[in-house]
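Encoded as structure tokens, the structure appears first; notes follow it.
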Amino acid sequence: MSDASPFLPYNLPSIDEQEIAEVTAVLRSGWLTTGPVTQRFEAELAEYVGAPHALAVNSCTAGLHLALQASGVGPGDEVITTPMTFCATVNTILHTGAKPVLADIGDDFNIDPAQIERKITPLTRAIVPVHMAGLACDMDAIWAIAQKHGLLVIEDAAHAIGTQYKQRPIGYSLSGSRSTAVAFSFYATKNLTTGEGGMVTTHDPQLMEKMRILCLHGISRDAWKRYSQSGSWFYEVVEAGYKYNLSDLQSAIGIHQLRKQETFIRRRTEIAERYNEAFGSMPELRVPPQSEDCRHCWHLYMLRLALGRLSISRAEFIERMKTLGIGCSVHFIPIPCHPYFAASAAEERNHCLRSMELYETTVSLPLYPGMSDVDVTRVIEAVKNVIQDATVSIVSTTA
Ligand SMILES: *Cc1c(COP(=O)(O)O)cnc(C)c1O
């Protein structure tokens, strides 16, 4: 790494003056918590994904928890999800008192519908698919299974704001939907960020009302109106709810992030295409899966290493990239690998072989709209250098 090239981090948020001005305006407005700006953010996001109802929450984790709990998932139920996900997906199932059941992934890193069917029991209540890296799951197959067995579908769309499945955005539910609810993440590293935040969408007004009440302490009416002229001091608590609301300070960031999503996705796609072009014909590498059914939003660029052709491990690959000034990451450490889940998932681990294999061989390269063409070239050159130095000669050259 030359001194002229600073370290290129694996992820950076794309924040500019619009977000800063809007946050400043909120700070000057006298109203900091959930209020009119959050309402506007909810309305704009609902329109963007094509959902009749959207609830802003302080994380995707909160959104998943609300959706599961408000749709009645609880003790005695089993919920099928993927081992290739962030712990939040499984933790929220546990928080309802239900039991998470893991169904392995396919080569596209997404939950495999055939594996879902194998895990269904009389106790199964819901399926929580994750659109890994921004590539939509095979939703028609998942919805067909759900319909056949009378199951709920709650989508973990943490990676998938702007992803389209069969020409419709993830979250689309204007004409009804076979998913009960869809949860998005606005965490710091996600495609749309508010620092921390999330949104949950649904076509079902009653479910939305339940989630809205649970989201803010179980209070039965719009608390944010309480302090305005149209509001009143009176409120009633009707349930032991949570504290999951999103503040206007965060929504001020989100509104402008949302308006730039299409531009962001175009830039992310350009970068992914340059990577694909550079790595597509290298036998030591496998570029990420795509699908004709999906407009990928390219949240992550997950590159697979053909370790049989390399003298280094995935961990060594990441170390060498770091010495060349490039940050990388890994998505995800499969659920059964974590100590907390290990005991209950000891047997399940044997059913998650594809997740284990892909986990060992996959690395996420830097991918964000703020990367310059020169940054992208640097990443490509670094990957090629590391691979060149580590390629095992397969053809024996006996002279
Ligand atoms: C980031 C992430 C979450 C959690 O999102 P938060 O907004 O941080 O709660 C859930 N699921 C997946 C797959 C994620 O990547």
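The values are calculated or read from the model by the stated rules, or taken from the named source; none is laboratory data. Everything numeric here is computed off the predicted structure, so don't read it as measured data. All Cβ positions, even for glycine, are placed from backbone atoms using ideal geometry, and neighbour counts span all protein chains on display. Just the protein is used for accessible areas: all its heavy atoms, side chains included, with ligands, DNA and RNA removed. Shrake-Rupley method; radii C 1.70, N 1.55, O 1.52, S 1.80 Å.
Of the set (1) at pLDDT below 95; (2) β-branched (Val, Ile, Thr); (3) open to solvent by less than 20 Å² (accessible area, probe 1.4 Å), all apply to Ile271 but (1). On the stretch given as the range 12-59, residues that are of a type in the set (Asp, Glu), surrounded by 15 or more Cβ atoms within 10 Å (Cβ to Cβ) and under 25 Å from the mean Cα position of the chain (by Cα) total 3.
Meeting the requirement of 3 or more residues that are crowded, with 21+ Cβ neighbours inside 10 Å and away from the ligand (no atom under 16 Å from the Cβ), no strands (runs of 3 or more DSSP E) wholly within the range 125-239 can be named. Within the range 284-319, if we keep just the residues that are farther than 18 Å from Ile271 by Cα and of a type in the set (S, T, N, Q), the residue that is surrounded by the most Cβ atoms within 10 Å (Cβ to Cβ) turns out to be Ser313.
Evaluated against (1) open to solvent by 40 Å² or more (accessible area, probe 1.4 Å); (2) more than 30 Å from His217 (Cα to Cα), Tyr244 falls short on exactly one condition, (2).
Among the residues of the range 69-84, the one identified as away from the ligand (no atom under 14 Å from the Cβ) and under 18 Å from the mean Cα position of the chain (by Cα) is Ile80. Only one of the listed residues (Leu94, Leu66) is within 15 Å of the ligand (Cβ to nearest atom), assigned to a helix (DSSP H, G or I), modelled with pLDDT of 95 or more and closer than 18 Å to Ser179 by Cα. That residue is Leu66.
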